[in-house]
1. Identify the residue in segment 197-252 that is surrounded by 15 or more Cβ atoms within 10 Å (Cβ to Cβ) and basic (Lys, Arg) and, among all such residues, is nearest to residue 285 (Cα to Cα).
2. Out of 297, 329, 317, which single residue is surrounded by 15 or more Cβ atoms within 10 Å (Cβ to Cβ), more than 28 Å from residue 69 (Cα to Cα), modelled with pLDDT of 85 or more and among the aliphatic types (A, V, I, L, M)?
3. Would you please list the contacts, defined by Cβ atoms under 8 Å and residues six or more apart or on different chains, that run from a residue in segment 237-266 that is at negative phi and at pLDDT 90 or above to a residue that is surrounded by fewer than 16 Cβ atoms within 10 Å (Cβ to Cβ) and part of a loop (DSSP other than H, G, I, E, B)?
4. Within segment 165-222, can you find the residues that are among the polar types (S, T, N, Q) and under 26 Å from residue 238 (Cβ atoms)?
5. For segment 139-173, which positions are among the hydroxyl-bearing types (Ser, Thr, Tyr), at pLDDT below 95 and part of a strand (DSSP E or B)?
6. What about residue 322, is it out of contact with any strand residue (DSSP E or B) (no Cβ under 6 Å at 6 or more places or on another chain) and at pLDDT 90 or above?
7. Taking into account only those residues within segment 272-292 that are more than 18 Å from the chain's Cα centre (by Cα) and farther than 18 Å from residue 241 by Cβ, which is surrounded by the most Cβ atoms within 10 Å (Cβ to Cβ)?
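The values are calculated or read from the model by the stated rules, or taken from the named source; none is laboratory data. All of these numbers come straight from a predicted model, not from anything done at the bench. All Cβ positions, even for glycine, are placed from backbone atoms using ideal geometry, and neighbour counts span all protein chains on display.
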Amino acid sequence: MMKRFTSLALVALAVIGSTDAFASRARQIVMGQADPFGVLDAQHGSFYVDDNYNIFYNPSFANDFKNWAAVEKTNGTANGTVSQAEGGFVANMMNFNVGLFMNRVSGLSDLNTGLYGGNENKMRPFDIIVAGDMGVKWGLGFNWGHYQTTTDLSANEMNISAGLQIMEFEPFAKFKLSGSNKLTAATENKASGLTVGTRYKMGEWIPYIAYSVDGIENQGTAKKNKNTWGLGIARNTKLGETSSLNYSIAYWHQNDHTPGVFTAAAPDTNRSVLPIDLSAEAEITSWLTGRAGLSYALVDQSSNASNTSNVTGRFGASVNVGKMSLDWAVGGSTGGIVANYGNIDGQVFDLGSGMFTNASLTYRW
């Protein structure tokens with residue numbers, strides 16, 4: 001009886017411990033986000049996999065993922081201008097969990113809009129997160145970036161986020177307080193944005209829904225708006241004490257309204273995507289974890305016309321020594337489908353093409 005009780009206790013501890021899946025950008029780029037339109041910050045948070053980087057869309061998760069520090073490195077560039085090294089920590093301080101993260105450039109307004117004219121490398125963004133548990137887990141996040149060109153010309157972005165965990169619900173919201181780039185004394189581009197959504201835990205199953213609206217006002221003459229919504233269901237299941245399988249199916253729709261930005265007005269683009277995400281992790285040895293992820297769109301249409309398939313298959317691993325982990329994603333230097341993160345989707349697969357495209361060192365205490 002005692003041996004049986006001990007075995008059950010060990011299994012219970014393994015299950016409990018498995019919920020604290022510490023991640024990194026190097027891990028998430030392999031596992032995927034179940035987010036084809038970038039409603040979440042690129043490679044920082046996932047709708048269908050639990051990990052510590054989910055604090056960037058729902059800060060209340062800092063109560064579950066605390067006392068860690070990470071440094072990220074990549075071969076990629078953001079908008080062709082800046083190396084995306086970044087890092088930070090979350091630590092327990094008295095009755096709160098407080099985090100500071102530096103240079104999360106991908107958290108700025110859609111880099112592809114060119115709002116900052118390729119000057120993201122001057123923004124120096126940082127995040128501050130405060131979370132607590134008062135019967136209801138809550139969290140608040142603040143993100144700010146700024147650069148100055150001359151006395152009168154500057155760019156600025158400020159975002160706030162909030163999240164809760166109420167029973168099995170995990171609602172979250174993000175609001176852009178300001179986003180602007182003053183190009184000349186008389187010309188200023190502005191950005192606006194709002195994202196709301198929630199996940200719901202049903203044992204291994206996780207239904208989720210989200211809505212996002214983003215706007216860019218170019219030189220005060222035209223506004224470009226993107227309205228995006230999606231819903232899906234995911235499952236996280238243990239295949240054994242040291243391996244797991246995650247999968248998700250969803251439906252996403254986006255309306256892109258461009259009424260004339262510097263050029264003639266463009267018709268609205270309506271795009272619908274039915275993404276299927278699949279990922280797995282397994283402990284190969286006590287010090288080595290392997291992982292793989294597949295992102296596939298069963299349907300991907302813009303104005304009823306099929307888009308080119310961009311199915312991705314990615315590989316990565318972690319070397320674990322004590323409380324320290326080195327994560328990496330297999331790939332090469334810049335280029336590939338996701339140029340901002342190195343050649344992770346290149347079709348040449350050999351050592352000559354490189355072995356590391358993203359790497360992260362995480363320490364937990």
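1. Looking at residues that are surrounded by 15 or more Cβ atoms within 10 Å (Cβ to Cβ) and basic (Lys, Arg), I get 235.
2. 297
3. Sorted first by the residue in segment 237-266, then by its partner, the pairs are 237/204; 255/268.
4. Once the filter is applied, which keeps residues that are among the polar types (S, T, N, Q) and under 26 Å from residue 238 (Cβ atoms), segment 165-222 yields 165, 198.
5. Matches in segment 139-173: 147, 154.
6. yes
7. Filtering segment 272-292 for residues that are more than 18 Å from the chain's Cα centre (by Cα) and farther than 18 Å from residue 241 by Cβ, the one surrounded by the most Cβ atoms within 10 Å (Cβ to Cβ) comes out as 273.
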